[in-house]
Amino acid sequence: MGNLARKILVVDDNEMLLKAWDRMLGERHLNYSNYRLTKQPEQALEWLTETNFDIAIIDVVMPTLDGFDFVRAAWKINPHLKLVFTTAYNCDFQTVSLPLPASDDRDVHVLMKPYLDINKVEDFVTRLVADDRALNDSPPLDSQSDLRFHIWHL
């Protein structure tokens, strides 16, 4: 699958950040065409049943469904979904336990807000879409699950 054909889903309750993601992913910057944005996690779960997304960028703190509960539901729909959490809060990711589908181990990336350098965020997304394994070379946090969390301050 070509990199530009990968499908990206972005879920964040902050309208301003969704607009920033739209500008970054769209024609003005990275020129991806296969992405969808929503501030409603329930809408995103519905879209997951209709479309086989490759990557989900999910806000951790949302009013109706937090990012962790979203992922638990999303992995039941699409167990191969690659995951990026985004948050402005200092979550203790070492204590996060998410059941992994198909008993695999998995790298999960966390983009910390605020994003300080949009060019670095674009580079991160480009590498993520290209399935650049070097992203996983950064030392992960020790976690109580099989997940390997990589925290990014970009």
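The values are calculated or read from the model by the stated rules, or taken from the named source; none is laboratory data. This structure is a prediction, so every number in the text was calculated from the model and none was measured. Positions of Cβ are generated from backbone atoms using ideal geometry, with glycine treated the same way; all protein chains shown enter the neighbour counts.
A few notes on this one:
- The one condition from (1) in a loop (DSSP other than H, G, I, E, B); (2) modelled with pLDDT of 70 or more that Phe149 does not meet is (1).
- Of all residues assigned to the range 66-83, at least one qualifies as being among the β-branched types (Val, Ile, Thr), farther than 21 Å from Trp152 by Cβ and in contact with a helix residue (DSSP H, G or I) (Cβ under 7 Å, 6 or more places away or on another chain).
- Hey, Asp107 at pLDDT below 90 and part of a strand (DSSP E or B) or not: yes
- Which numbered condition Asn52 misses (of (1) modelled with pLDDT under 90; (2) closer than 28 Å to Glu122 by Cβ; (3) loosely packed, with under 13 Cβ neighbours inside 10 Å): (1)
- Selection within the range 21-44: residues that are under 17 Å from Val61 (Cβ atoms) and among the hydrophobic types (A, V, I, L, M, F, W, C). The member of this set that is modelled with the lowest pLDDT is Trp21.
- All told, Val84 meets the bar of being in contact with a His (Cβ under 7 Å, 6 or more places away or on another chain), within 22 Å of Gly26 (Cα to Cα) and either at pLDDT 90 or above or of a type in the set (Gly, Ala, Ser) (or both).
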